[in-house]
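Values quoted throughout were computed directly from the atomic coordinates according to the rules given, and no laboratory measurement underlies them. Since the structure is predicted, the reported quantities are computational estimates derived from the model, not experimental observations. Using ideal geometry, Cβ is built from the backbone for each residue, glycine included, and neighbour counts are taken over all protein chains shown.
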Amino acid sequence: MADATEPTPGATALLIIDMINDLDFEGGEQLAPPAIAAADRIRALRDRSDAADVPVIYVNDNFGRWHAERSSIVDHCCREGSRGAALIDALRPRERDYFVVKPQFSGFYATNLPVLLPQLGVSRLILTGVAADICVLFTAADAHMRDYDLWVPEDTVASERPEHLDWALELMRKSMCAETAASCHLSLEAWLARAET
């Protein structure tokens, strides 16, 4: 296991934020189409991460189900009639994936993510998921404050409204030094290679 105090230079983790989701909230209907489109891109990025030995970490709301573990959260979100069932079909977590439950917007707030990432030796993060202007944005801000290099591929995040997505991406680019090139324009391999230069 990596030294908990020294990240491995260039080591990367893929975070999938709130994509295990029933979309059962005000605005969920508007979020569903762009989230489902993003899920396909995230799935492709997850597959490439597997091939590159990049750890995959789901950072997810528990929908107030504090006694629930991973499988019951997944079952809740893909129940019959759930708007988010297509997300689960595309991105169901595997046994080897990490699964971090978060109580608030940021994946770093009151979770074990700040402990897990150093244990994995990670110094760079790829952030994907929903909503770009809420949970992804807050997680990016906390990651930036902790000196993580960030890539937020614009085609792997979604918001209820396109203008909210654009605003969040601009803020992450300008204020958090995040790369936001789409995953179809910047490959995982190219992102990983940047750490070596």
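Considering segment 12-194 at the alpha-carbon level, its Rg and Dmax are found to be 14.9, 44 Å. Sorting the segments 75-81, 98-104 by their mean number of nearby beta carbons within 10 angstrom, highest to lowest, gives 98-104, 75-81.
What list do you get for E196, E29 if you sort them by fewest beta carbons within 10 Å? Spell out each step's value before the answer.
Working: E196 7, E29 12.
Listing E196, E29 from fewest to most nearby Cβ atoms yields E196, E29.
Return one number: the angle in degrees, 0 to 90 and rounded to the nearest 10, between the long axis of the Cα atoms of helix 135-145 and the longest principal axis of the Cα atoms of the chain. Computed tilt is about 20 degrees. Comparing E160, E179, E69 in a Gaussian network model of the chain where C-alpha atoms under 10 Å apart are linked, the largest mean-square fluctuation is found at E69. Taking amide H as placed 1.01 Å from N in the peptide plane, V157 has its amide H under 5 Å from the amide H of G129, each at least 5 places away in sequence or on another chain. Given R₀ = 30 Å, what would the calculated FRET efficiency be for D24 paired with L186, taking r from the Cβ atoms and rounding to 0.05? The computed FRET efficiency comes out at 0.35. The residue among V101, N21, V157 whose Cα reaches farthest toward the positive pole of the charge dipole of the chain, with charges on the beta-carbon of Lys, Arg, Asp and Glu, is V101. Across the chain, C-alpha contacts under 8 Å between residues 6 or more apart give a mean separation that, scaled by the residue count, equals a relative contact order of 29 percent.
Computed over segment 43-148, the P(r) curve from all C-alpha pair distances, binned at 10 Å from the origin, holds 13, 45, 36, 5, 0 percent per bin.
The helix-based estimate of mean residue ellipticity at 222 nm for the chain, built from -39,500 (n - 2.57) per DSSP H run of four or more residues and divided by its residue count, is -12000 deg cm²/dmol to the nearest 500.
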